[in-house]
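S.K.: Dumping the structure here so I can ask a few things about it.
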Amino acid sequence: MTVFAVEYVYGAESAEIRNATRPAHREWTAGLAQEGALLASGPYGDGAGALLIFNADDESALNELLRQDPFAAAGAISGTRTMAWAPVTGLLAGHAG
């Protein structure tokens, strides 16, 4: 397994879509957290985006997972940045495979 940091960027015009879709998005993230696929997630304080930390076999598997996000299906995400990440210190250390 590889740990990935995923940054969502939200457009200012997507606030209404995000508000309507947020319950389904949070249900999706909660299910992934229960499965161990999502290690942490949350919005930035300025509302311009969010950071999600995933465990996935590879980037292809991660991308398939991200397509299932209700925010993605609703068009609430204007940009995504994905990076493999190797946490070496702190609570997430040791999750990188």
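Readers should treat all values here as calculations from the given coordinates under stated rules, not as data from a laboratory. Keep in mind it's a predicted model, so treat the numbers as computed, not measured. FYI the Cβ positions are ideal-geometry reconstructions off the backbone, even for glycines, and counts take in every protein chain you see.
S.K.: What's the extension gain from residue 72 to residue 86 if we count 0.36 nm per residue and subtract their Cα-Cα distance? Write out the running numbers ahead of the final one.
M.R.: Numbers: separation 14, 0.36 × 14 = 5.04 nm, distance 2.57 nm.
That works out to 2.5 nm of additional length.
S.K.: Return the long-range amide H neighbours of residue 39 (sequence gap of 5 or more, or a different chain), with a cut-off of under 5 Å between placed amide H atoms.
M.R.: 53, 54, 55
S.K.: Count charges around residue 5 for me, please; just the other residues with Cβ under 13 Å from its Cβ, Lys/Arg as +1, Asp/Glu as -1.
M.R.: On the way: positive: 81; negative: 7, 59.
It works out to a net charge of -1.
S.K.: What FRET efficiency, computed as 1/(1 + (r/R0)^6) with R0 = 35 Å and r the Cβ-Cβ distance, is obtained for residue 9 and residue 93, rounded to the nearest 0.05? Don't skip to the end; give the middle numbers.
M.R.: On the way: r = 27 Å, r/R0 = 0.78.
In this case the efficiency is close to 0.80.
S.K.: Return one number: the angle in degrees, 0 to 90 and rounded to the nearest 10, between the long axis of the Cα atoms of helix 15-35 and the longest principal axis of the Cα atoms of the chain.
M.R.: The answer is roughly 20 degrees.
S.K.: Separate question: State the extension gain, in nm to one decimal, for the chain segment bounded by residue 1 and residue 17, taking 0.36 nm per residue of separation less the distance between their alpha-carbons.
M.R.: Values: separation 16, 0.36 × 16 = 5.76 nm, distance 3.25 nm.
So the chain would gain 2.5 nm between residue 1 and residue 17.
S.K.: In the chain, if the dipole is taken from +1 on Lys/Arg beta carbons and -1 on Asp/Glu beta carbons about the Cα centre, which of 20, 66, 54 is farthest to the positive end?
M.R.: Highest projection toward the positive end goes to 20.
S.K.: Which residue, 3, 39, 83, has the largest displacement toward the positive end of the dipole of the chain when charges sit on each Cβ (Lys, Arg +1; Asp, Glu -1)?
M.R.: 39
S.K.: I need the Debye-formula profile for segment 16-86: one equal scatterer per C-alpha, no solvent, reported as log10 I(q)/I(0) at q = 0.28 1/Å, two decimals.
M.R.: Scattering profile of segment 16-86, log10 relative to I(0): -1.67.
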